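To start, the structure under review is shown below, and the notes come after it.
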Amino acid sequence: MVLYQAPTGWRVRVKTRTGKLDLPISAQELEDAVIEAEGLYADARGITNAQPICQSCIHWEFVKAECGIGFPEGRSSGGRFASKCCAYWAD
């Protein structure tokens with residue numbers, strides 16, 4: 001993931017297994033752009049992965065081995081139900 005500022009605003013470049021994406025960021029400030037870019041990165045990884053797991057999500061806490069948001073998908077399944085998680089996929 002590469003976050004950069006273009007003349008039109010912030011953009012994020014994401015490399016996936018199938019190619020590269022160059023996406024616009026709506027945030028104006030750097031801190032907000034980083035958070036939005038991380039979300040887009042997680043979405044891109046999930047979309048290109050046929051069998052996503054919670055460990056691929058930005059909300060997964062490796063040290064605790066649980067979902068950082070506290071969703072039961074991550075707690076009770078060990079991460080195998082990420083494809084059904086409401087935080088993992090964009091609405």
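Bear in mind these aren't lab numbers, they're just calculated from the coordinates by the rules spelled out. Since the structure is predicted, the reported quantities are computational estimates derived from the model, not experimental observations.
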Just for the Cα atoms in segment 1-48, what are the lengths along the principal axes, largest first, rounded to whole Å?
29, 18, 13
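Expected output is a single nm value to one decimal: the length gained when fully extending between Tyr4 and Thr48, i.e. 0.36 nm times separation in residues minus the C-alpha distance. What is it? Spell out each step's value before the answer.
Numbers: separation 44, 0.36 × 44 = 15.84 nm, distance 2.26 nm.
Answer, rounded to one decimal: 13.6 nm.
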Counting only residues 5 or more apart in sequence or on a different chain, those whose built amide H sits under 5 Å from that of Trp60 are Gly68
